[in-house]
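FYI, it's all coordinate maths here, none of it is from the lab. Computed from a predicted model, the values in this text were never measured in an experiment. Don't worry about glycine lacking a Cβ; one is built from the backbone with ideal geometry, like all the others, and counts go over all protein chains shown.
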Amino acid sequence: MRVERVNFGSKLGIILATAGSAVGLGNVWRFPYMTGENGGAVFIIAYVVCILLLGIPGMVGEFIVGRHSQANAARAYASISSHRWWGFVGLLGIVTSSIILGFYAVVAGWCLHYLGVSIVGGLKGDTEAITAYFQQYSADPVKPAFMGIVFILITHFVIVRGVQRGIEKASKVLMPLLFLLLLVIVAASCSLPGAFQGVEFLFRPDFSKLSSRVFLEALGQAFFSLSLGTACLCTYASYFSRHTNLLRAASQIAFVDCLIAVLAGLMIFPAAFSVGVQPDSGPSLIFITLPNVFQQAFAAMPVVGQVISVMFYALLVFAALTSTISMHEIGTAFFHEELHLQRRHAAWIVTVACCVLSVFCSLSVGGFGGLQVMGMSLMDFCDFLTAQVMLPLGALLTSVLLGWFVRSRVLHDEFTNWGTLRGLWFPVYKFGVRYVVPICILLILMHLFGVI
Ligand code: TRP
């Protein structure tokens, strides 16, 4: 028996929702700090290579599994193959996305706090004062943890009230607005004195900085940013129509995602170099750089600076929300359909688990630094474990499944929409999922574990 599935309002809507899942803190927060820690331009090159070679085929793969099976992650993987065993890939995805939601909510909570503070005009002072402010805030045991929970609860209520349609309508306006605002802030950031150094850092590669670590991190970032490897795309694709051109959708989303990430880089680094913030400051990078841009670039018109900063944090919170919704939806759809629970009960399972994890993650970078795993704070560990191990593993298993265990006919039908598209790229795609994607990911994972 097929359980009634919630549906998205329009075909454009579901593609927008998928893009909304991809565009989020991964682009605006994680990409700049990863770029800063990994040598600038060389990281961007490695990142783009990973997107083209592994990201786009990986996305198409998840789309195929989802649209073919029209079911939640675990059932989709089981039904496209002849072995029930493959359902574990879907289950792995559900676990991974819940862990991601746990630490992602902490950063989303920071953004929410910064939105509040910029509304009351509280972010003032020189670079040191702004840095100290962030350190003090993130080290507080209670406030950031509370904000993380608030963020997960907002996600929860959007998920259970089924206001996807509202979110879709809002996305159509807010996403382009985020893009425009990024352009304005990029211009402001590049107009600061000494900004050119930042542009150089982003676009002039220094190949001496290229290392295997750069590739590992670029791969993790590419998967994280595309929402790839957790069956998240598969869950969304289960709502796609039979007319959606999967390759085109994947390429468009990857393009928009990359563009926003690079713009975020152009927003952060010129300003960081200008005001003397280290590019490798880590997760705090955007929180200690941006308030400077808003103050200094608009020093002549402080009101404009404040309006822009409020708008920016509001849009960032919205972009983060469309991503957390997608992470939450994977688990909710699973519990709803498999345990035959009502959606609101199913959603509570995910919400409570993620809130608990989120509080511990927040404490591990704040009030309770002793919360460490393998020499990293719990938060960094969750980030490392998901982006660099679990996402590549999920994508690896998906491509092995599609390349070796699913009939070529099924792939071809999905790829060409049952023969209505020409499918010129099909042979390339087929070769990619069979050989290129699994071998590359396997090599990278083996390297990570020190096997080679
Ligand atoms: N891609 C999102 C971002 O860039 C984060 C995200 C949403 C995600 N859903 C995911 C990451 C599933 C991995 C898996 O912010």
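General observations
- Extreme residue, nearest to the ligand (Cβ to nearest atom), among residues of segment 313-340 that are closer than 19 Å to LEU180 by Cα and of a type in the set (Val, Ile, Thr): THR322
- One residue from ARG248, ARG242 being more than 22 Å from the chain's Cα centre (by Cα) and basic (Lys, Arg): ARG242
- Segment 20-37 residues that are over 15 Å from CYS111 (Cα atoms), paired with ones that are within 6 Å of the ligand (Cβ to nearest atom) and not in a helix (DSSP H, G or I) (beta carbon under 8 Å, 6 or more apart): SER21/SER227; ALA22/SER227
- Checking each residue in segment 13-37 for being crowded, with 24+ Cβ neighbours inside 10 Å and away from the ligand (no atom under 13 Å from the Cβ) picks out THR35, GLY36.
Let's see how each residue does on (1) assigned to a helix (DSSP H, G or I); (2) hydrophobic (A, V, I, L, M, F, W, C):
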| site | (1), (2) |
| --- | --- |
| CYS361 | yes, yes |
| SER364 | yes, no |
| GLY369 | no, no |
| CYS382 | yes, yes |
| PRO392 | yes, no |
| GLY403 | yes, no |
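- Taken over segment 201-252, the criterion of being within 10 Å of the ligand (Cβ to nearest atom) and either among the β-branched types (Val, Ile, Thr) or touching a strand residue (DSSP E or B) at 6+ places or on another chain (Cβ under 6 Å) (or both) is satisfied by THR230, THR235.
- Number of positions in segment 242-269 that are out of contact with any helix residue (DSSP H, G or I) (no Cβ under 6 Å at 6 or more places or on another chain), among the charged types (D, E, K, R) and either surrounded by 24 or more Cβ atoms within 10 Å (Cβ to Cβ) or assigned to a helix (DSSP H, G or I) (or both): 1
- Count of segment 135-159 residues which are buried (at least 19 other Cβ atoms within 10 Å of the Cβ) and out of contact with any Cys (no Cβ under 8 Å at 6 or more places or on another chain): 9
- Total residues in segment 203-241, condition in a helix (DSSP H, G or I) and touching a residue at least 40 places away in the same chain (Cβ under 8 Å): 24
- If the condition is being touching a helix residue (DSSP H, G or I) at 6+ places or on another chain (Cβ under 8 Å), more than 16 Å from the ligand (Cβ to nearest atom) and not aliphatic (A, V, I, L, M), then segment 94-123 contributes HIS113, TYR114, SER118, GLY121.
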